[in-house]
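**Q** Before I ask anything, let me first share the structure, which is written out below as structure tokens.
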Amino acid sequence: MPNIKSAKKRVLLSREANVKNKMAKSALKTTLKKFDSAVVAGNREEATAAYKAAVVAVDKAAVKGILHKNNAARKKSSMTLKLNAMA
């Protein structure tokens, strides 16, 4: 445990940031899984709605720094290919 006041504060803040990032990653993964399950089920309308929600979630994660921008682009591209393959 740190002795300096500012170091103690950094430990507390980093713990809070870690929890927030973990929650955001979990929510993102849930959104992506909903899209994948809709695609597997073959429900076009549900997949389209889940696709829109997933793209928004991926973009927000990239802006917040949870995902790298190229990782976000790759995820969106693969989702688009899966959605288009349903047609």
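**Q** Kindly list the number of the only condition in (1) assigned to a helix (DSSP H, G or I); (2) out of contact with any Ser or Thr (no Cβ under 8 Å at 6 or more places or on another chain) that fails for A50.
**A** Exception for A50: condition (2).
**Q** If you don't mind, another one. Tell me, please, whether a residue that is closer than 18 Å to V63 by Cα and touching a residue at least 24 places away in the same chain (Cβ under 8 Å) can be found in segment 31-40.
**A** Our first condition is that a residue be closer than 18 Å to V63 by Cα; within segment 31-40, this holds for 31-32.
Those still in the list that are touching a residue at least 24 places away in the same chain (Cβ under 8 Å) too: 31-32.
Within segment 31-40, one or more residues are closer than 18 Å to V63 by Cα and touching a residue at least 24 places away in the same chain (Cβ under 8 Å).
**Q** Which residue is surrounded by the fewest Cβ atoms within 10 Å (Cβ to Cβ), if the candidates are limited to segment 73-87 and must be assigned to a helix (DSSP H, G or I) and in contact (Cβ under 8 Å) with a residue 40 or more places away in the chain? Even if it seems obvious, please write down each step before you answer.
**A** Just the residues of segment 73-87 that are assigned to a helix (DSSP H, G or I), to begin with: 73-85.
From what's left, in contact (Cβ under 8 Å) with a residue 40 or more places away in the chain: 75, 79, 82-83.
Details: K75: 20, M79: 20, K82: 16, L83: 18.
Checked segment 73-87; the qualifying residue surrounded by the fewest Cβ atoms within 10 Å (Cβ to Cβ) is K82.
**Q** Out of segment 41-72, which residues are more than 24 Å from N18 (Cα to Cα) and free of Cβ contacts under 8 Å to residues at least 12 places away in the same chain?
**A** Once the filter is applied, which keeps residues that are more than 24 Å from N18 (Cα to Cα) and free of Cβ contacts under 8 Å to residues at least 12 places away in the same chain, segment 41-72 yields A41, N43, E45, E46, A49, K52.
Just so you know, all these numbers are worked out from the coordinates, no wet-lab data involved. These figures come from a predicted structure and were not determined experimentally. Counting neighbours? That spans all protein chains shown, and the Cβs are built from the backbone with ideal geometry, glycine included.
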